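Single-structure report; data block below.
Nothing in this text is a laboratory measurement; each read-out follows from the coordinates by a stated rule. Everything quoted here is computed from the prediction, not taken from an experiment. Glycine also receives a Cβ, built like all others from the backbone with ideal geometry; neighbour counts cover every protein chain displayed.
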Amino acid sequence: MSVSPAAGRSGERAGLTLALLAFAQFIVAVDYNIVYIALPDIGHDLGFNSQSVQWVVSAYAVAFGGFLLLGGRASDRLGARRVLVVALAIYGLSSLAGGLASGPGMLVAARAVQGVGGALLFPAVLTLINTLYAEGAPRNRALAVWSVAASGGLAAGALLGGILTDLFGWESVFYVNVPLAAIAAIAAPRLLPPDRLRTDPDPLDPGRTGAGAGGRGGFDLPGALVGTAGVALVVFGLASGSEVGWTATRTVVALVVGAALVGLFVLVEDRARDPLAPLRLFRHRTLVIAMLAVLLLVGSLAGEYYLLTTYLQNVHRFSPLSAGLAFLPLTVISMVGGAAAVTLLARQGLRTTLSLGMLLGGAGIAGVTAGMSAHGSYAALLPGLVLWGIGGGLAFTAVFVAASSGVDAGEQGIANALASTFQQLGTAVGLAAIVAVVAARPHGPASGVATPDGVVDALRVGGWVSAAVCALGAVLALGLAGRPAPAPDGAAPAVDGPPETVNRPAEAVPGTVVPSAGPVDAQPVGRQPQ
């Protein structure tokens, strides 16, 4: 999908456009994390037990992960603005249903529908950013703003969840999404350029159609069905393991059938004339490393959010409001880390930025873990929270810069959907693994004879696992190419965005080159690396 730029767009309008995209991402991030602190009240009021309550989170992750590939390709094929508006409508309606839920089944179903909305919204936002802003410094800056909204939203979700649950009840953590989604849906047609039809010529490159290189074929329905079912079953199986056991029939069947469908998906894509996820993307080293890195990053963070929330509320008896406020430093610092990524990417390149972010994130989680004790203070957690916030902000920005680097404009939706799918797999794997580790410890929160020291011991074991997983991502990031060479003398600088040259092949823009401050492995927009 290629978006035609609005002619004569003012700097103010461009700023409002980016603000809208960041706001849409903020909604996704807040909604994911806002339920954590409300889980105890939800479980008590609706009759969940201590293990089944995780499905309030996992149902969202299953649907989100399962439908991301479909959502990404829909953005490429149908138009990202159109998909974004539909996704926001789904979000608002399912949030209203969640707040009205009177039993576990209705709430889990509402969360699953929210996951579908997220699977459409997440790649649509990234597709718009990656097609409105030229690859290099302009796109890095836009993705940094997006990352600030994303990482800040994850932490702010815990804060808002605490405030709303304490003041208005758990239902309010769902109701709050309704006006937010409505505001974004109303603003989108006014601020975003219209989607071009696949048959419309690109005014900046008449040889290309409106949807870019990926837009000249049909829609891969067999691939969409098989891929969605396969990924959803794998995520479902991973989420089931910690609830009913890893050898339970439900878990084993879901994982085996899901893995078989993923294998079938590869075969379908290899033979499809116009595949949902072109297999050549898996030969793109930077994209593959981005997918694996986000799996490790989000897996460690999902587990640590669960551990820290449990520690504050179950060990130190923080109220939902107090627990939410405890995440405020992380909220602010993660936003600072996301903003700092722009400078670090320009000066040190993608490999250093991503490695440093993952390393600092792991060190921060380790610091938080070390600060946990049955009779400790919140102040003991602060040094770890600072490192965690800076590292998480850096890494989250860098990993999605990597995912978009060198990918054709017509395949930005599916490339970012692939990275986002691994993000959701990381959530499911990380949460399931940490819940299983904590549950296996004697005298832990899942045992019938829990003690304060036993609970802390179980949470600290889970914390060390999360820290190690995050630090492993720093090693993985070393596989990226080194810092790009400086641009040749006399090369014209990149045009800041949203650029008038959006999606125009580099050779069609006289005097422009791939910016030296851009991400590594960058290719001119519109070209696919071999």
- A convex hull over the alpha carbons of segment 303-438 yields, per residue, a volume in Å³ of 115 Å³
- Separation in nanometres of the label points that stand 7 Å from Cα toward Cβ, at ALA259 and HIS443: 3.7 nm
- Going by how many other Cβ atoms sit within 10 Å of their own, how do ILE37, ILE163 line up, fewest first? ILE163, ILE37
- Can you tell me the order of 338-347, 38-47 when each peptide is scored by its average per-residue count of other Cβ atoms within 10 angstrom, highest first? 338-347, 38-47
- For segment 220-273, what is the relative contact order in percent, using Cα pairs closer than 8 Å and at least 6 residues apart in sequence? 45 percent
- Item | Potential lengthening between LEU279 and ILE183 on full extension [0.36 nm per residue; Cα-Cα distance subtracted] | 30.8 nm
- Residues TYR175, TYR311 in order from fewest to most other beta-carbon atoms within 10 Å are TYR175, TYR311
- Mean shadow area (nm²) of the C-alpha convex hull around segment 220-273 is 3.2 nm²
- Task: Based on the mean of other Cβ atoms within 10 Å per residue, sort peptides 229-240, 122-133 so the most packed one is first.
- Result: 122-133, 229-240
- Message: For ALA134, what residues show an amide H to amide H distance below 5 Å, using hydrogens built from the backbone and excluding near sequence neighbours?
- Response: ARG139
- Note on the structure: Going from the fewest other Cβ atoms within 10 Å to the most, one would list PHE282, PHE327 as PHE282, PHE327
